[in-house]
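Only the coordinates and a few stated rules stand behind these numbers; no lab work does. In this text, all values refer to a predicted model and were calculated from it rather than measured experimentally. Heads up, the Cβs are rebuilt from the backbone with ideal geometry, glycines too, and the neighbour counts pull from every protein chain shown.
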Amino acid sequence: MLRLLLVLSLLAAPATASANGFEPVREKDRFLDLVKDRVLRIGLYNLSINVLPDGSIQGSALGWQITGSWSWQDGYFCREMDWSGTPIAYNCQLVEAQGAERMRFTVDRGAGNSATFRLR
């Protein structure tokens, strides 16, 4: 369960901007184009998240519901979430995309750890 909380907090492994073909996503419209009608997935944890244009987050992990809200601030994805009653604190994150197939979120405006999702 601790591992899943770390993933949900988007803390998986250190990342370097633009490494491995990832490019920063700085504009909200570009971000929305990438996630529109798509699911962010990490299969290992059966984690699926929908980031919706209305500022809401919906999904599940290990069969438990994820809810939350998000906004775009100064080129960063800022969110707070709840995983089946466990709060996941507000954090602004650097978003990077590898084409239209993968998206990486790095906490603390790109200064912390990251998690990579497949876009389905």
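So what is the diffusion coefficient of segment 34-109 in µm² per second by Stokes-Einstein at 20 °C and 1.002 mPa s, using a Kirkwood Rh over Cα pairs?
Value of D from the Cα-based Kirkwood radius: 167 µm²/s.
Between amide H atoms placed 1.01 Å from N, distances below 5 Å from ASN113 occur with VAL107, all of them 5 or more places distant or on a separate chain. Taken about its Cα centre, segment 38-120 carries a charge dipole of about 340 debye when Lys and Arg each add +1 at the Cβ and Asp and Glu each add -1 at the Cβ.
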